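First the structure, in the form of structure tokens, and then the observations on it.
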Number of protein chains: 2
Amino acid sequence: MTSVPPDLHAWLSDHDDAIRGELFDFLRIPSVSARSEHDADTRRAAEWTADSLRAAGLSATVHATAGHPVVVGEWRGAPAGAPTVLVYGHYDVQPAEPLDLWTSPPFEPTIRDGRVYARGSVDDKGQLFLHIKALEAHLKARGRLPVNVIVLAEGEEEVGSEHLAGFIEAHAGELACDAVVISDSAMFAPGLPSILSSLRGLAYFQIDVQGPAQDLHSGSYGGAVVNPAMALAKILATFHDADGRIAIPGFYDGVAEWPAHVREQMKSLPFDAEHFRAETGSVSLGGEKGYSILEQLWTRPTCEVNGLLSGYTGEGAKTVLPAKAMAKVSCRLVPNQDPAVVESLMKAHVARVAPPGVAVTVTHLHGGRPWRAELTGPLFDAARRALAAAFGREPVITGEGGSIPVVGDFERILGAPVLLVGFGLPGENAHAPDEWLSRENFTTGMRATATLWDELASLSK
Amino acid sequence: MTSVPPDLHAWLSDHDDAIRGELFDFLRIPSVSARSEHDADTRRAAEWTADSLRAAGLSATVHATAGHPVVVGEWRGAPAGAPTVLVYGHYDVQPAEPLDLWTSPPFEPTIRDGRVYARGSVDDKGQLFLHIKALEAHLKARGRLPVNVIVLAEGEEEVGSEHLAGFIEAHAGELACDAVVISDSAMFAPGLPSILSSLRGLAYFQIDVQGPAQDLHSGSYGGAVVNPAMALAKILATFHDADGRIAIPGFYDGVAEWPAHVREQMKSLPFDAEHFRAETGSVSLGGEKGYSILEQLWTRPTCEVNGLLSGYTGEGAKTVLPAKAMAKVSCRLVPNQDPAVVESLMKAHVARVAPPGVAVTVTHLHGGRPWRAELTGPLFDAARRALAAAFGREPVITGEGGSIPVVGDFERILGAPVLLVGFGLPGENAHAPDEWLSRENFTTGMRATATLWDELASLSK
């Protein structure tokens with residue numbers, strides 16, 4: 001079994017305190033890409049990322065886009081014939097609300113029980129930053145890397161990476177590479193290094209239902225005017241059948257069954273359904289009948305309500321017949337579903353089931369394609385060796401229910417295979433209050449990715 | 001036809017400007033009873049009401065309750081054997097949100113097109129205040145009233161009058177009277193004085209659905225964890241059948257059919273369905289099949305969503321699987337439905353249809369019984385004469401879809417008949433942005449109620 005190169009290990013250990021201090025500075029920037037009032041913060045996080053790349057020994061440029069900036073760092077001093085590897089991450093974060101459910105403030109990183117609590121700690125600032133520091137270990141301890149490196153950090157991952165595919169296309173020449181490495185996912189369990197082999201795609205909608213022109217008195221008008229909140233509930237209630245299957249006609253047409261050997265491997269993972277249920281705090285689990293929990297999460301599509309708003313939601317009672325009602329609804333997609341096709345199916349379905357008396361609009365806010373990796377080749381062999389060196393055991397192959405839409409874009413535009421190796425953990429509260437990153441995983445993750453650069457020298461150019 | 005007594009008419013005309021100034025002062029107090037941050041304002045409105053009664057020549061006391069105060073004004077100088085009449089109104093108002101839909105600020109009364117725009121202008125400060133001024137006209141122009149008068153103004157009408165029935169019971173001796181007069185309703189049309197013969201009752205609920213213990217990432221957990229917002233939508237979608245009938249078992253058991261002669265009279269009212277639809281701004285009307293609009297509004301029960309809240313409701317997209325979802329749901333009730341029975345039926349129904357995987361609680365926030373008047377007797381004859389004198393035409397008999405729960409309490413506890421004569425107008429936006437009161441109705445309403453006191457001298461003690 002390979003081991004972590006001692007010089008890199010030593011450099012990372014020697015700079016442990018300084019690295020944590022810098023990580024905390026990064027986490028303090030409330031770079032919430034979904035909220036325009038945080039645009040300046042998001043810009044600041046981009047500049048911070050570029051400064052951090054420069055300090056590590058790379059050159060760095062902050063590229064303006066029609067949305068939030070893209071940061072590109074480069075080091076191209078490898079020997080002739082060496083491969084080029086691109087590291088992708090994102091410096092933007094999810095909104096932190098509801099704030100009252102955070103134990104410590106979301107943008108004031110706090111260590112408790114070996115965890116760094118902060119919005120963005122695991123998704124994805126911590127995981128982007130550990131790559132920068134692993135690169136710095138090479139450049140400071142040895143003055144060089146064995147491969148050419150590009151670091152691409154975007155600021156719109158949490159709002160659908162709207163401008164990233166266009167950026168990659170426009171800069172395909174300078175971003176040309178032999179492999180892409182992404183750390184924006186979780187290990188299957190503590191101590192169990194994991195290579196992610198699949199991602200679900202996404203089609204995210206907003207459904208707006210307009211009833212009367214303005215809020216009305218529910219006594220004076222109730223009974224004759226169609227209630228838009230009730231109409232919305234009726235629409236949402238048509239999305240699933242009694243078996244938890246999505247009842248939008250045509251929804252499953254594109255769904256490919258999972259290869260039998262991958263489903264078999266899933267069964268061998270150490271998964272405790274009752275532990276998973278208890279972790280969620282649900283009274284019992286549900287979902288589509290006929291599939292195991294991991295199959296539901298990794299291999300099957302979903303249709304979820306992400307938000308609801310109508311009428312009076314404050315303290316006490318207000319007898320209002322609301323003018324409008326809104327739902328945010330998103331579908332997780334699996335190979336080979338297409339977000340554009342799902343958008344058409346959703347719009348047709350809602351138009352068909354919407355009750356008379358209200359005006360309903362469906363807006364597609366953003367989408368991304370699902371993805372499934374090839375599980376062979378030098379990139380994956382290199383990753384397996386590096387993870388084994390740092391964690392002391394062979395990695396497992398996992399799936400992921402979340403979406404990283406850019407993965408498909410990298411493969412399509414740059415023609416390079418993508419490696420997804422993440423250092424989060426189950427229960428890390430990504431997108432929820434009290435998001436955290438394991439300190440141990442952060443440290444071991446730096447060692448693993450530092451080791452990875454040596455292993456990647458063997459990649460064919 | 002009676003006419004408005006010239007001395008009262010003259011006094012009211014002479015003091016027109018001062019009366020409007022005082023009304024505006026009253027309307028400037030944001031006495032929102034539903035919001036604890038306005039408790040001091042609500043208290044101030046009670047004191048203002050008491051001061052206004054004293055200025056009119058009555059004695060007045062502000063009585064503390066477990067909630068907002070009750071104001072009682074009295075004048076007991078009528079000749080021996082004269083009847084006693086109680087006027088009821090409320091000084092609290094609905095919340096003003098959404099503020100951005102008001103043309104002028106809700107607590108800065110503004111006159112446009114012959115209307116006074118302000119929260120509480122018609123519901124009910126303006127209508128309470130016109131009674132106080134009509135009493136003052138008698139006491140200032142003549143030094144006396146022909147009957148003994150009690151004015152009872154509460155501050156919890158908009159939150160269910162929780163403490164009023166107890167107050168009336170505790171003070172039944174001093175509140176004993178021969179009739180109750182309430183102005184908290186609307187005329188059927190401009191120039192058409194109206195006596196209200198029925199009110200719907202209310203049973204107001206909050207439904208809380210708890211899914212996971214906290215918000216989860218919809219990618220990492222979606223598909224296995226039951227979504228509480230989707231569960232809530234499924235519950236709400238069971239409340240009506242395809243014909244707009246309420247599908248809660250047993251819901252219609254108590255519903256009495258309306259007397260044929262009252263339904264006939266309804267048909268003779270000048271009602272334009274298309275005008276009503278256009279006024280609401282709905283694309284088309286709905287509701288229970290087989291009933292006219294006025295029947296739907298006045299004689300049939302409803303089940304409405306008043307508010308919805310779950311997950312992420314801000315700008316853009318957040319891929320959250322929410323921990324909880326909330327709906328405010330209220331049923332308007334008709335004779336002889338009982339709010340307590342409807343509460344039991346609602347709770348049993350929700351428990352039956354709630355999907356597994358979530359915890360659902362139904363809380364009954366408040367309720368009130370429906371009411372139907374006797375349309376004969378000296379009280380109604382007096383009202384008809386007074387309205388005819390002020391408006392120059394005979395009043396019509398109408399129904400009302402809203403609720404004034406205290407009406408039933410007065411009849412039950414004090415054993416006195418209730419007269420509902422209101423001076424609002426259709427489209428007045430009670431409970432909505434841009435609430436308004438017709439200036440003409442305010443003035444004519446004062447003349448009508450001033451005239452009423454002379455007519456009520458004929459009431460039997």
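Could you tell me which of rounded, prolate or oblate describes segment A:240-356, using a ≥ b ≥ c as the square roots of the eigenvalues of the alpha-carbon gyration tensor, with rounded for a/c under 1.5 and, failing that, prolate when a/b is larger than b/c and oblate otherwise? Taking the square roots of the gyration eigenvalues as a ≥ b ≥ c, segment A:240-356 is oblate.
Each peptide in B:35-44, B:204-213 receives the mean, over its residues, of other Cβ atoms within 10 Å, and ordering these scores from highest gives B:204-213, B:35-44. Shortest first, A:Asp17 label-point distances to identical copies amount to 7.9 nm, with the label point at 7 Å from Cα along Cα→Cβ. Measuring between their Cα centroids, segment A:1-71 and segment A:83-146 lie 7 Å from each other. Our helix-only sum for chain B, with -39,500 (n - 2.57) per DSSP H run of n ≥ 4 divided by its residues, gives a mean residue ellipticity at 222 nm of -10000 deg cm²/dmol.
Phi angles of segment A:288-302 translate, via the Karplus equation with coefficients 6.51, -1.76, 1.60 and θ = phi - 60°, into HN-Hα couplings of 6, 5, x, 10, 5, 4, 5, 5, 4, 7, 10, 10, 10, x, 9 Hz per residue; Gly and Pro are given as x. Spatially, segment B:335-380 and segment B:292-310 are offset by 13 Å when compared through their Cα centroids. For A:Gly424, nonlocal amide neighbours, meaning residues 5 or more places apart or on other chains whose placed amide H falls under 5 Å from its own, are A:Ser185, A:Ala186, A:Met187.
Applying a threshold of 29 Å to the alpha-carbon distances of A:Lys347/B:Lys347; A:Lys318/B:Lys125; B:Lys234/B:Lys267; A:Lys289/B:Lys328; B:Lys289/B:Lys318; A:Lys324/B:Lys289 flags A:Lys347/B:Lys347; B:Lys234/B:Lys267; A:Lys289/B:Lys328; B:Lys289/B:Lys318 as lying beyond it. 3J(HN,Hα) couplings calculated from phi for segment A:129-144 with the Karplus curve 6.51 cos²θ - 1.76 cosθ + 1.60 (θ = phi - 60°) are, in sequence order, 5, 5, 5, 4, 6, 5, 5, 4, 4, 4, 5, 8, 7, 10, x, 6 Hz; Gly and Pro show x. Start at zero, step by 5 Å, and the Cα-Cα distances of segment A:127-264 spread as 2, 6, 9, 11, 12, 12, 12, 10, 8, 6, 6, 4, 2, 1, 1, 0 percent across the bins.
Taking the alpha carbon gyration tensor of segment B:39-177, multiplying each eigenvalue by 5 and rooting it gives semi-axes of 28, 20, 11 Å, largest first. Taking every alpha-carbon pair under 8 Å whose residues sit at least 6 apart, chain A reaches a relative contact order of 27 percent. Taking amide H positions as modeled 1.01 Å from N, with prolines and chain starts lacking one, the residues under 5 Å from B:Asn306 and 5 or more places away or on another chain are B:Lys328, B:Val329, B:Ser330.
Here B:Asp39 yields copy-to-copy label distances, from shortest upward, of 4.2 nm, the label point defined as 7 Å from Cα along Cα to C-beta. For B:Ala256, inter-copy separations between label points set 7 Å beyond Cα along the Cβ vector come to 7.0 nm, shortest first. Within 10 Å of the Cβ of each residue in A:88-101, the mean number of Cβ atoms contributed by other protein chains is 2. Taking every residue in B:275-284 and counting other chain Cβ atoms within 10 Å of its Cβ, the average works out to 6. Across peptide B:395-404, the mean count of Cβ atoms from other chains lying within 10 Å of each residue's own Cβ comes to 2. Shown in residue order for segment B:421-429 are the 3J(HN,Hα) couplings computed by the Karplus curve 6.51 cos²θ - 1.76 cosθ + 1.60 at θ = phi - 60°: 9, x, 10, x, 9, x, x, 6, 6 Hz (x for Gly and Pro). Peptide packing: for A:257-267, B:150-160, the average count of neighbouring Cβ atoms within 10 Å per residue gives the ranking B:150-160, A:257-267, highest mean first.
Shape of segment A:272-314 from its Cα gyration tensor (a ≥ b ≥ c, root eigenvalues): rounded if a/c is under 1.5, otherwise prolate when a/b > b/c, or oblate? It comes out oblate by the Cα gyration axes.
The relative contact order of segment B:64-166, computed from alpha carbon pairs under 8 Å that lie at least 6 residues apart in sequence, is 50 percent.
Taking every alpha-carbon pair under 8 Å whose residues sit at least 6 apart, segment A:1-63 reaches a relative contact order of 18 percent.
For B:Val320, nonlocal amide neighbours, meaning residues 5 or more places apart or on other chains whose placed amide H falls under 5 Å from its own, are B:Ser218. By definition, a body whose alpha carbon gyration tensor gives a ≥ b ≥ c is oblate when a/c is 1.5 or more and a/b is not larger than b/c, and segment B:360-461 fits this oblate description.
Coordinate-derived values only; no laboratory data. Keep in mind the model is a prediction, meaning the values are calculated, not measured. Cβ coordinates were reconstructed from backbone atoms using ideal geometry, including for glycine residues, and neighbour counts include every protein chain displayed.
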